Amino acid sequence: MDMIEIKKGGKYRVLSASGGDDSITTEGEFVGYTVLGEEGAIVFRVKEKDRSFLRMIPVGGVFSIEFDNEDLLKVKEKRDEHEKTTT
């Protein structure tokens, strides 16, 4: 199996710990990685109703990441096009 990466700009659904007994679902665009305290975190741009915000999810709290392969391919194609014009 090929290595699967989450790509900037890709749309993902993340199931993660919420701090209590329940989990939280985040649907949004992957923005990048950061450090939250001493732990790595993934950052998503979330759009809900009339507002947009960034959500940092500690890597240790991630249960699953769901995605549509076509979303990843679209991002990869854009990247490939950019690489063709710069080389």
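The values are calculated or read from the model by the stated rules, or taken from the named source; none is laboratory data. Predicted, not measured: the structure shown is a model, and the values here were computed from it. Because the Cβ atoms are built from the backbone with ideal geometry, glycine has one as well, and the counts that use them run over all protein chains shown.
Below is a table of values for the structure above.
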read-out	value
From I6, I42, residue being surrounded by 13 or more Cβ atoms within 10 Å (Cβ to Cβ), out of contact with any Cys (no Cβ under 9 Å at 6 or more places or on another chain) and not in a strand (DSSP E or B)	I6
Complete set of residues in the range 18-33 that are in a strand (DSSP E or B) and either among the charged types (D, E, K, R) or closer than 14 Å to I6 by Cα (or both)	E27, G28, E29, F30, V31, G32, Y33
Residue ID - surrounded by the fewest Cβ atoms within 10 Å (Cβ to Cβ), chosen from residues in the range 12-22 that are more than 10 Å from the chain's Cα centre (by Cα) and closer than 13 Å to E66 by Cβ	L15
T34 in contact (Cβ under 8 Å) with a residue 12 or more places away in the chain, surrounded by 11 or more Cβ atoms within 10 Å (Cβ to Cβ) and within 13 Å of F63 (Cα to Cα)	no
Residue check, R55 at pLDDT 95 or above, touching an Asp or Glu at 6+ places or on another chain (Cβ under 7 Å), assigned to a strand (DSSP E or B) and within 17 Å of K11 (Cα to Cα)	no
Positions within the range 58-79 being surrounded by 11 or more Cβ atoms within 10 Å (Cβ to Cβ) and either modelled with pLDDT under 80 or in contact with a His (Cβ under 8 Å, 6 or more places away or on another chain) (or both), in sequence order	D71, L72, L73, K74, V75, K76, K78, R79
